[in-house]
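Here the structure is laid out as structure tokens; the discussion comes afterwards.
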Amino acid sequence: MIPRLLRGHFLDNFFKKVDKILNASVVAILAVMLSLTVLQVILRYVFNNPTIWSEELTLFLLVWFGFIVMAMGVRADSHIALEYFYDRQGRRGQIILDAFRHSIIIALSLLMIFYGVQMIKLGWANKMPATQIRRGYLYASSLIGGILMATFSILNLLKLFLVNEEGKDAD
């Protein structure tokens, strides 16, 4: 039964582990990006001998960072919202708006997944010039981000309909 699954310890523990992995990933990516950028600035302006690969690798990490952080935003259900309009709705109106919002996110995530696969296929044969990393790995960020966002938005949508106003399960 879905309500029991959503409130079960297995699912809670699973998503807590996913959250920890995503948090650790973005911290590590940000630390590497910062280190590479500082290294590049020092090598360029102090030693007049910049690396040819650090900017490309930083860009690669920035793209992955962006898609992971977008998924984390969906997981936390923290998006830009028109709160003025939303807050003036009754509980039923807010549920309808939330369902619409989650449905849009799911649809866009599915598009990201579909086109992410297409981009990976197209980019797999090409390598980035300085690092020789296959472009397919760069484009895989949209596939992984889309999968995470769709999963988290589906979970948020299910929670929306399975939890009533008091925060108790609606079964």
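Read-outs: derived from the displayed coordinates by stated rules, not from any lab. Note that the structure is predicted; figures quoted are calculated from it, not measured.
Of note:
- In this structure the amide hydrogen of residue 134, modeled in the peptide plane, comes within under 5 Å of the amide hydrogens of 128, none closer than 5 places in sequence on its chain.
- Kirkwood-based Rg to Rh ratio, the chain, C-alpha trace: 1.09
- Across the alpha-carbon set of the range 97-139, the Rg to Rh ratio works out to 1.27, Rh being the Kirkwood radius.
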